[in-house]
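What follows draws every value from the coordinates through simple rules; no lab data is involved. Everything quoted here is computed from the prediction, not taken from an experiment. Every residue, glycine as well, gets a Cβ built from its backbone with ideal geometry; the counts of neighbours run over all protein chains shown.
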Amino acid sequence: MRKLALLFAFLCLAFFSYGQPSASADDACALACATQMYSLPGVRYMHRLKAACPEATLQVEKLPKGLVWNAERCRVEGTIKKKGQYSYVVLISHNGQTRRDTVRLTVSDDLVQPTPLMGWLSWNVFEEEIDEEKMLAVAHAAKHYGLDTLGYRYLCLDDWWHSGSERPEGEYPDYDHVKFPHGMAWLADTLHRMGFKIGIYSDAAEHTCAGAFGSLGYEAADARQYAEWGMDLLKYDYCGAPNDMAEAQRRYTTMGRALEASGRKILFYMCEWGQLAPWLWASETGATCWRTTYDSRDFWDWRGYDDSGHVGVVQGLDGMKNLWPYSGVNRFNDADMMMVGLHGTGKSSSFDAQHYLDITGQPQYVGMTQEEYQSQFSLWAMMSSPLTLSFDIRHISDDDLRIISNTEMIRINQDAMGQQAEVVCDTLLSGGQRVEVFLKELANGDIAVAVFNRADSPATLCLTPAMLRLQGADLLFHDVWGVSSRDRFMPSDGLPVKVESHQTRVFRVKRV
Ligand code: GLA
């Protein structure tokens, strides 16, 4: 019995340590949160601190002017007006020992990714068939539907823009001249003149995931060429590279430094799928967002299908929800492209286990329900994950447009304080439904609250001020998706919220 209890305790510890640096005797009480932070001048800053061992006590000293230590909420907060490099020291006390960690804080109005990237990537819908004509059609459609004004600015070439599977003679990369007859510089220039930014893709090994030539050993030449073409983003994959953290750090740092030296501001988007805990080290390489899971699929819950590691919405959410201590302005966890708009039409996102055969015997994929697409959009927005579209945006239905153009939801995602939502309640209701409440603090003092129902049946949960850590204020609830059309104050005994199966209700809450 005792052995069983010990095994259970060990398993619990292992489960709850997921996402944290491993605790050895030397660093048992290191910080388990980011120590390289960013903020915008004059904008509210918040750094929620977390130690590797929960019983540790934290103190902060040497705070720059404008910031204070909120011991009750365990966070550094305030506003720094002037651009510059700042630091403060965190004291972590545990078992009679005190460790000091320094946090570096860059305050700048010239950050590459102050708020999560928004845009579109070519892979899921076009795969190897991406070309200039499609990129232009996508750009025109994005303008037509007003996606640019909503913030979807980055239109990204994913894998296979390349001239072939082997690098051409000489140092520099080349594109496929048949697919891109006017050339990359022309395409970039055209997209820029339309008000967009353009992204490109490569891999930290000899070949990309789909078999084009990669950048290993040619980082400087590639970065220079991307800059010369006018690229604004590099998605940098990890296929064919060793499963070794030190080596991944080295390869990403080499490309990060090459991009910095290229003379152009290029957003460095790390696509290592979260296997080597990039949230712990990616920011130091120059990356400003990093994937936290394998590729997402047009499917709600992958469990029970296979163990390939591909992720449905539920797995994407679970892969990043405990990683909030590593997210912030200019450093975002990325739960991969959203599936909204696909309805089973994506290439790699559709999969064998989920189709029916039409009368000609062809497989037809169905994708998810509109409620599930909206849930994913809401949860990704709450978690400050990049909002990247992956469907054929040349034709957007009214129902899909309604989801991706919810400006209040986008504003929550793009909030200038860059906080990733944290789970403040995860509860099993008497009907067996599992409901989670997410809370995201916003720069103007409001908070965003999301109530998410994983279950296959509707649930009702009562939100209380204590649950939201907001006692002592009148709380005005505004329903972001308009399920309830009137704003309402939270009654003193709490606000009951009904959530349909797989639905996410989102509120913007004002303290008045
Ligand atoms: C990997 C990435 C995808 C996509 C493909 C392209 O699977 O995770 O997002 O870029 O490669 O080959």
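Quick one: which of 294-302, 143-151, 117-125, 176-184 comes out on top by average Cβ neighbours within 10 Å, and what's the full order, highest first?
Sorting 294-302, 143-151, 117-125, 176-184 by mean packing, highest first, produces 117-125, 294-302, 143-151, 176-184.
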message: I want to make sure I understand the PRE zone here: with the label point 7 angstrom from the Cα of residue 284 toward its beta carbon, which residues in the stretch 87-105 have backbone N atoms less than 20 Å away?
response: 87-92, 99-105
query: Rounded to the nearest 5, what % of the DSSP beta bridges within the chain are antiparallel ones?
result: 70 percent
message: Test of understanding: what is the full-extension gain from residue 260 to residue 165, defined as 0.36 nm times their sequence separation minus their Cα-Cα distance?
response: 31.5 nm
- prompt: If the label point is 7 Å along Cα→Cβ of residue 427, which residues in the stretch 451-492 have backbone nitrogen under 13 Å from it?
  reply: 451-452, 459-469
- prompt: At a Förster distance of 51 Å, what's the computed FRET efficiency of residue 70 paired with residue 177, Cβ-Cβ distance as r, to 0.05?
  reply: 0.30
- line: Against the 2.2 N^0.38 Å rule of thumb, the C-alpha Rg of the chain sits at a ratio of 0.98
task: Once you've got the Cα coordinates, tell me which of 83/197; 134/347; 50/440 are over 20 Å apart.
output: 83/197
query: Which translational diffusion coefficient, to the nearest whole µm²/s, is obtained for the stretch 415-512 from the Stokes-Einstein equation, given a Kirkwood hydrodynamic radius over C-alpha pairs, 37 °C and 0.692 mPa s?
result: 240 µm²/s
field: Separation of alpha-carbon centers, the stretch 366-435 and the stretch 70-121, rounded to whole Å
entry: 26 Å
- line: Expressed in nanometres to one decimal, the distance between label points 7 Å along Cα→Cβ at residue 493 and residue 140 is 6.1 nm
message: At 222 nm, what value in deg cm²/dmol follows for the chain if DSSP H runs of at least 4 each add -39500 (n - 2.57) and the sum is divided by all its residues, to the nearest 500?
response: -6500 deg cm²/dmol
- prompt: Once label points are set 7 Å from the Cα along Cα→Cβ at both residue 456 and residue 471, what is their separation, rounded to one decimal in nm?
  reply: 4.1 nm
statement: For residue 127 and residue 57, extending 7 Å from Cα along the Cα-Cβ vector and measuring point to point gives, in nm, a value of 6.0 nm
